[in-house]
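Just below is one structure, and these are the notes that go with it.
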Amino acid sequence: MQRTLPNDILHVWFTELTPKQHFAKDAALDESIRTRFGPTLEAAARCELFTWRATPEVRLAEILVLDQFSRNVYRDTARALRKTRWPLRWRKSWWPAGKTAACPPRSAYLPTCPTCTANLP
């Protein structure tokens with residue numbers, strides 16, 4: 001299997017998906033993300049993607065995998081929200097420091113709003 005890179009995650013979230021798809025319940029999209037990124041999600045949950053924390057942009061990719069893709073991979077189960085604890089802490093650590101300047105403009109909303117995605121479906 002090909003290794004997923006942070007840019008793969010960012011491309012899917014900001015280019016392939018529309019903003020409406022980010023939080024919509026869609027079985028086909030859930031299956032696509034599960035197939036493409038399920039192993040990446042599990043690697044992130046085991047802290048194997050710690051090198052993705054080197055810059056704000058690649059850290060955002062890890063946050064997306066743990067916080068958003070987990071909702072697609074584990075839709076309608078308790079596991080869907082289990083992995084959001086760490087991304088929430090990371091977003092909170094970015095927020096006061098203004099570390100979003102290096103992120104793509106469309107991505108800035110995630111780390112600047114530390115609780116904005118914490119309880120979304």
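Those residues that are loosely packed, with under 14 Cβ neighbours inside 10 Å and within 15 Å of ASP67 (Cβ to Cβ), I need them from segment 3-41; list them, please.
PHE23 - this is the single residue of segment 3-41 that is loosely packed, with under 14 Cβ neighbours inside 10 Å and within 15 Å of ASP67 (Cβ to Cβ).
Could you list, in sequence order, all residues of segment 37-58 that are part of a helix (DSSP H, G or I) and touching a residue at least 40 places away in the same chain (Cβ under 8 Å)?
Hits for segment 37-58 are LEU41, TRP52, PRO56, GLU57, VAL58.
Here's a check for you: in segment 68-84, which residue that is in a helix (DSSP H, G or I) and over 21 Å from ALA28 (Cβ atoms) is modelled with the highest pLDDT?
Of everything passing the filter in segment 68-84, LEU81 is modelled with the highest pLDDT.
Would it be correct to say that PRO39 is under 15 Å from VAL12 (Cα atoms) and either within 15 Å of the chain's Cα centre (by Cα) or at pLDDT 85 or above (or both)?
Considered against the rule, which asks whether it is under 15 Å from VAL12 (Cα atoms) and either within 15 Å of the chain's Cα centre (by Cα) or at pLDDT 85 or above (or both), PRO39 comes out as no.
The values are calculated or read from the model by the stated rules, or taken from the named source; none is laboratory data. Because the structure is predicted, anything quoted here is derived from the model rather than measured. FYI the Cβ positions are ideal-geometry reconstructions off the backbone, even for glycines, and counts take in every protein chain you see.
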